[in-house]
There are 2 protein chains.
Amino acid sequence: MSTGPAPLEVSARGRGRPARYSRDDLLALVVAVFNERGYEATSMEDLARASGLTKSAFYHHVSGKEELLGLAVERALGALSAVFDGVATPGERPVDRLQDAIRRTAEALLAELPYVTLLLRVRGNTEVERSALARRRAVDARLAALASEASQAGEIRGDIDPRLVSRLLFGMVNSIAQWYRPGARTSADEVVLAVVTLAMEGLGAQRS
Amino acid sequence: MSTGPAPLEVSARGRGRPARYSRDDLLALVVAVFNERGYEATSMEDLARASGLTKSAFYHHVSGKEELLGLAVERALGALSAVFDGVATPGERPVDRLQDAIRRTAEALLAELPYVTLLLRVRGNTEVERSALARRRAVDARLAALASEASQAGEIRGDIDPRLVSRLLFGMVNSIAQWYRPGARTSADEVVLAVVTLAMEGLGAQRS
DNA sequence: CATATTACCGACCGAACGTTCAGTAATCAT
DNA sequence: ATGATTACTGAACGTTCGGTCGGTAATATG
């Protein structure tokens with residue numbers, strides 16, 4: 001009987017010296033530093049120091065800086081893509097599906113906040129980054145399609161190009177990553193409710 | 001003896017060989033590269049190559065990388081701060097002043113798009129960046145105050161914390177910098193109208 | 001023309017970068 | 001205890017970074 005069947009235990013596989021971190025924990029730590037300093041401005045020594053390892057010990061666990069970025073944005077893209085798994089119900093009204101997509105996107109962003117934050121800052125300098133940008137564009141296109149369907153069905157306002165609507169609304173959702181910190185006064189649920197409400201009704205006084 | 005206060009010493013100043021670029025043109029060129037590659041990922045040689053100069057010739061015109069960032073964010077912050085010059089009319093209803101601030105912020109962002117884009121990506125690694133972040137927080141606080149006043153006056157919906165309203169709405173405005181490119185199909189005026197309309201009324205179908 | 005002034009170049013510097021590697025210490029199965 | 005396996009160390013590697021310097025070419029003034 002070992003110390004426990006902890007699923008996060010990745011390294012202590014059978015024999016050998018046990019590792020200080022699981023790969024998931026290490027990734028979480030790394031992404032936090034990426035988000036604080038910025039990916040490009042973060043050196044491998046910064047990451048090693050944050051984990052309490054030397055640079056070479058750190059390299060024993062990861063293959064390089066770009067792999068870490070790839071793992072992080074992969075996780076973010078997985079969460080954002082999964083938004084459509086729940087939205088795909090074809091029976092509903094298009095406007096309800098759009099609202100659902102807004103709510104689920106906000107929820108996914110908040111649930112995977114550090115990873116999505118990092119994804120939203122990717123510029124496209126390396127192949128990993130360009131691939132992430134492409135996958136992100138695909139997600140955006142699916143969201144824009146939902147807005148377009150709702151517009152054609154006459155269920156949302158028709159005086160604004162639905163592509164513009166989609167960009168602005170999901171831009172509002174994504175902007176959450178720039179200021180929200182878990183543990184603060186405002187709860188995640190509160191934020192989700194606020195962003196959905198503002199998206200649907202705007203800031204005008206409530207109507208009876 | 002120096003000629004006294006030389007605020008923006010350009011180039012073709014009196015005698016000597018004429019320069020290829022004015023400082024403003026050089027800054028515009030530099031900011032474009034910063035926005036494409038990201039500030040940290042841009043090397044001084046990248047900037048020199050983009051201007052057609054050698055690295056050392058480039059250094060003859062600017063004191064360093066950080067000065068360029070400082071000049072750029074200064075310009076962005078000036079434009080964003082100037083938003084309040086027109087909003088300050090105290091007679092108006094708070095909600096009208098808030099709407100005005102949204103519109104003028106969007107206009108300023110679009111008018112100084114590359115500079116504001118760069119500002120919005122600043123992380124805070126150097127003193128110049130931290131100072132820019134502080135000034136940006138001050139602007140955000142003034143915008144949040146407008147939302148708070150409108151909320152207390154009962155002129156906007158009261159079921160959402162006005163600080164949350166402010167963050168989300170100006171997050172939507174700022175998100176424009178992530179996709180808008182001048183010269184594309186959508187005009188700047190169109191974007192401003194859309195963002196103000198969505199902020200006030202949301203995406204629900206028009207009411208008669 | 002001479003001279004002052006500015007624009008620009010090539011070569012270089014120390015530091016920091018991401019990454020590698022040969023070796024050592026710790027731990028588990030047998 | 002032994003051997004296999006994993007965790008980690010310290011010292012370096014080649015490269016690129018931001019930045020400097022001595023010198024040269026071009027231009028305006030007088």
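The values are calculated or read from the model by the stated rules, or taken from the named source; none is laboratory data. Note that this is a predicted model, so its numbers are computed, not measured. Methodologically, a virtual Cβ is constructed for each residue, glycine included, from the backbone with ideal geometry; neighbour enumeration extends over all protein chains shown.
Numbers for the structure displayed
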{"item": "Residue satisfying all of: in the stretch A:40-56; near DNA strand C (Cβ under 8 Å from one of its atoms) and over 25 Å from the mean Cα position of the chain (by Cα); surrounded by the fewest Cβ atoms within 10 Å (Cβ to Cβ) among these", "result": "A:S56"}
{"item": "Positions within the stretch A:33-57 being assigned to a loop (DSSP other than H, G, I, E, B) and within 13 Å of DNA strand D (Cβ to nearest atom), in sequence order", "result": "A:E40, A:A41, A:S43, A:G52, A:L53, A:T54"}
{"item": "Condition met for B:V83 (among the aliphatic types (A, V, I, L, M) and more than 13 Å from DNA strand C (Cβ to nearest atom))", "result": "yes"}
{"item": "Checking A:A177 against (1) under 22 Å from A:V116 (Cα atoms); (2) hydrophobic (A, V, I, L, M, F, W, C); (3) touching a Gly at 6+ places or on another chain (Cβ under 8 Å), the condition it does not meet", "result": "(3)"}
{"item": "Selection from the stretch A:136-158 of residues that are away from chain B (no Cβ under 12 Å) and more than 29 Å from A:L119 (Cα to Cα)", "result": "A:Q152"}
{"item": "B:F58 being more than 12 Å from chain A (Cβ to nearest Cβ), among the aromatic types (F, W, Y) and without any contact (Cβ under 8 Å) to a residue 24 or more places away in the chain", "result": "yes"}
{"item": "Among the candidates B:G183, B:G171, residue that is facing chain A (nearest Cβ under 7 Å) and either out of contact with any Pro (no Cβ under 9 Å at 6 or more places or on another chain) or aromatic (F, W, Y) (or both)", "result": "B:G171"}
{"item": "Test: residue in the stretch A:141-154 that is touching a strand residue (DSSP E or B) at 6+ places or on another chain (Cβ under 7 Å) and without any contact (Cβ under 8 Å) to a residue 12 or more places away in the chain", "result": "no"}
{"item": "Cross-chain or 6+ apart pairs with Cβ under 9 Å, the stretch A:69-87 first and at pLDDT below 95, then among the acidic types (D, E)", "result": "A:G86/A:D100; A:V87/A:D100"}
{"item": "Inter-residue pairs, beta-carbon under 8 Å, first more than 17 Å from B:A144 (Cβ to Cβ) and in the stretch B:99-119, second aromatic (F, W, Y), 6+ apart", "result": "B:L110/B:Y180; B:L113/B:Y180; B:L118/B:F34; B:L118/B:Y39"}
{"item": "Residue check, B:D159 among the charged types (D, E, K, R) and under 30 Å from A:G154 (Cβ atoms)", "result": "yes"}
{"item": "Positions within the stretch B:186-207 being facing chain A (nearest Cβ under 7 Å) and either free of Cβ contacts under 8 Å to residues at least 60 places away in the same chain or touching a His at 6+ places or on another chain (Cβ under 7 Å) (or both), in sequence order", "result": "B:T186, B:A194, B:T197, B:L198, B:E201, B:G202, B:L203, B:G204, B:A205, B:Q206"}
